1. Can you tell me the orientation of helix A:31-51 relative to chain A, as the angle in degrees between its alpha-carbon axis and the longest Cα principal axis, to the nearest 10?
2. With a cut-off of 20 Å, note down the residues of segment B:446-471 whose backbone N falls inside the zone around a label point 7 Å from the Cα of residue B:46 toward its beta carbon.
3. For the pair residue B:56 and residue A:33, what calculated FRET efficiency results from E = 1/(1 + (r/R0)^6), where r is the Cβ-Cβ distance and R0 = 60 Å, to the nearest 0.05?
4. Summing Lys, Arg as +1 and Asp, Glu as -1, what charge do residues with Cβ under 13 Å from the Cβ of residue B:86 carry, residue B:86 excluded?
5. What number, in percent, do you get for the relative contact order of chain A if the mean sequence gap of Cα pairs under 8 Å and at least 6 apart is divided by its residue count?
6. Starting from the Cα gyration tensor of the protein assembly as shown, take the square roots of the eigenvalues, sort them a ≥ b ≥ c, and report rounded, prolate or oblate (rounded when a/c is under 1.5, otherwise prolate if a/b is larger than b/c, else oblate).
7. Excluding residue B:132 itself, what net charge comes from residues whose Cβ is under 13 Å from its Cβ, given Lys and Arg +1 and Asp and Glu -1?
8. Could I have the simple spin-label model distance between residue B:6 and residue A:3, label points 7 Å from Cα toward Cβ, reported in nm to one decimal?
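The values are calculated or read from the model by the stated rules, or taken from the named source; none is laboratory data. Just so we're clear, the structure is a prediction, and the values are computed from it rather than from any experiment. Here the Cβ positions follow ideal geometry from the backbone for every residue, glycine too, while neighbour counts run over all protein chains shown. Please note that ligands, DNA and RNA were not included when accessible areas were found on the heavy atoms of the full protein model with its side chains. Shrake-Rupley method; radii C 1.70, N 1.55, O 1.52, S 1.80 Å.
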Amino acid sequence: MNWTLALPELVLALSGLAILGIGVLPKRNTHFACAMAAVGAFLLAAALAIGAPEGSAFGGQIVSDAFTRFAKVLILIGAAAGVVLSLDYNAREGLDRFEYPVLLVFATLGMMVMVSANDLMALYVGLELLSLSLYVVAAFNRDDERSAEAGLKYFVLGALASGLLLYGSSLTYGFTGTTNFDRIADALSDPSKASAGLVVGMVFVIVGLAFKVSAVPFHMWTPDVYEGAPTPVTAFFAAAPKVAAIGLFARVLGGPFGDLAGQWQQVIVLISLLSMVLGAFAAIGQSNIKRLMAYSSIGHVGYALVGLAAASEAGMRGLLVYMAIYLLMNLGAFAVLVAMRRQGRAVERVEDLAGLARTDLSMAVWMAIFMFSMAGIPPLAGFFGKMFVFKAAIDAGLWTLAIVGVLSSVVSAFYYLRIVKVMFFDETAGALDPRPASVSFVMTASGVFTTLFFLYPAPLVAAAQAAVAALLG
Amino acid sequence: MNAAGFPLLSLLTFLPLAGAVFILTLKGEDKVVADNARWAALWTSLIVFALSLILWFRFDKTDPGFQFVERLDWLTDFGITYHMGVDGISVLFVLLSTLLTPICVLASWDAIQTRVREYMVAFLVLETMMVGMFAALDFIVFYVFFEGVLIPMFLIIGVWGGKRRVYASFKFFLYTLLGSVLMLLAILLLWYRAGTTDIPALFQHAIPPAVQTWIFLAFFASFAVKVPMWPFHTWLPDAHVEAPTAGSVILAGVLLKMGAYGFLRFSLPLLPHASADFAPAIYVLSIVAVVYTSLVALAQEDMKKLIAYSSVAHMGIVTLGIFTFNVQGLSGALFTMLSHGVVSGALFLCVGVLYDRVHSREIARYGGVAKIMPSYALVFMLFTMASVALPGLAGFPGELLVIVAAWKGNPTVAFGAALGMILGAAYMLYLYKRVAFGRITKDDLRGLLDMSPREHLVFAPLILLAIWMGVSPQTFLSFFEASVTALVVRHEAALGAARLAGM
């Protein structure tokens, strides 16, 4: 019984409760103090996660290894940036209530439990903690119809997904007699024991997770929720939970179901293909930039899943590198979206960026860098993510996936270019309001990473490699 | 190992980028910033050019291998290193890039008045990408630079271009990207098979002929669009017409060479069998390009479009030369690439001179310019003649070598290429006649000023080169002789070995 392994989670849980106390007790508005405390808690948890010893604890319920370290650091970076992005926006929109940072802390705690779960039960607990917090923050702007609708929609579909996941877990439990990942892996080490019922259970688990990562055909909630939720919430959704859910995907399919790769590979290939194609084509017609980014994120999940579909060490490595790069460049792009206000009101049409290069050149340049990076144009970071996953696909002989993938990346380049075009080629639609320092900070940090990643990519790749080595044993 | 004693190629590659960053930090009034940006860009590119002259003097012409080699760890565990170097095939293209950039900066001095700072940054970034691409000795590094070119060029066409700039820039970007991503897959396959993307190491790696075919097709998708070969050339007239003058110069001068360079650097040495198999198809496409686009050029009303189509025709000669697989053909192709870089760049500058004054590219808008602007007419004539391959000027030696080489293999092909030369003379002379000679029908033309000292300065190095290349082609040919011979020998050895194995 080694509870120190769970120290980051424990610290975060206690901080969450403490911040709740700070928020409730004083009479005045404590949003800012709570938000700062939440960021502090995230940084502390990240430091602890980096230094955490390896092993398993709580009767094999959770593990700590290079993989959890990698995923946790990413999640905490995403969560901290999510809080920072919300500071100014929430104050201006009248959403500066202390519950917001508290909810994000608990969501993050859920994510950390998810990625360190080594048991279907722990996985479910973490996932539900995350989901319940997210349902609430999606509807955080409760007086706004669209936000309320987003929350409700997310709740209904998310509950369905959780149900499917739970059903899949129970089938798995029924056919293997255990919920522990290591035991399941042992039970499946002889693939002849993999009965049809178990495969059905596994497919249900995959469907549940596909909902969470918004992979096609389980993506329907994404555009509506992204559009309806307040922009910083969307920024948060598109960053940390995505990494956590993809990490969970890798953990579940690479760990307990690793020996059934032949069975799940075809499912992943299919959802990856569909996600890439839909993400590319559906975004073309969007005029709302948050909706556009929703489809873009669906496409990115498709690319990341190419790595998973390869079902190899190189593929998993590509997946993790892709998600790390996606997280960091996406935060920058959403920082720009959060900064989009004109005359005190948040605007979210693509045309609202028109002529940004004339009114705020540095923001336009960073946004262009994010867009080119998402389109996968070298030497920006996004290219390297794509390179690693496609390399894995080719190593595994998945030519259809690789060819459809690169072709859909050309299609998606069209709408990323459209944003660049609107900012640089079009006449100005009037200046945006001055952006707050918090947004500039996230944008610049993310932009510097995206631009300069090519100089020194080795550390990230090496960290992903170590994570994969831990994951696949 | 490194003849310069310091990392010359990296310096050439990244110094422009440093200049770009410096320009981005400029602050102050718009007009002051614009002026400072111009001077900073000019000095940066001139210093880069001066440094690149070290390559000209210190390059060992007898060595067919890579020189000025640099190597740094990058993603070493995966077989990718930052590996730079030049051989006879690439060294002159590095020089061409570093020469054309200051000329472009100077040519845009007055023509660009809006967002000068961003413009200069885009050009310097473009220079980084171009030099890096020609100097890269790792396939992934090459691809990074090759694709990276798209970003500044997209912005140059889209922000400072003409009326249909948005259409042209999107077409340019997406067309090129579509070809390139397929090449990326081929690179990844090579990487998988060889475990490295180091180009000299890949040369040692034999690829089975069946795989070669697929890789060749993927490379072809990228390079044929970039060259551009008929029928993948449709982006070029649009991009050329809409791009600002300096953008067209770089596009014609350097970016079009990237495709042909790719064929020479990768397709031929890595895929000898597929190259030999596809050579007849390339001949057909090249001949169609030469004859068809020449005819199209004859019918153009727009000066820039005419020169754009003539570029496609000249590049047809280049691809023809490359796929003859003999020393004359390859040398001729390389020479034509260089001379086309100089001459078509200069022709676009000639159009730019008129455009800056009259703001029209329509041929019918002019007439009798020779009487009003005599020294301009002389410069324009010189480059017209160079473009139609008049002996003694830059265009001639390369085209002659290609036709001789083609004749050796297949007289019909040589006939097609020669037909292109005749048509080339027809459309260029027809253009020159309509613009420079005849009566002055448009009265507002009478007030045009002849070329300014700045414009003379822009043309001076190009005039010098156009004559030098024509009078003393051996100066330039000697650079690539050793590398080309080695390439041909290796190509024949690879084919010969396969033939022996097949017996």
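1. Between the helix axis and the principal axis of chain A, the angle is about 40 degrees.
2. Taking a point 7 Å out along Cα→Cβ of residue B:46, the residues of segment B:446-471 whose backbone N falls under 20 Å are B:452-465.
3. Rounded to the nearest 0.05, the efficiency is 0.35.
4. Net of charged neighbours comes to -1.
5. In percent, rounded to a whole number, it is 15.
6. prolate
7. Net charge in that neighbourhood comes out at -4.
8. Using points 7 Å along Cα→Cβ, the separation is 6.2 nm.
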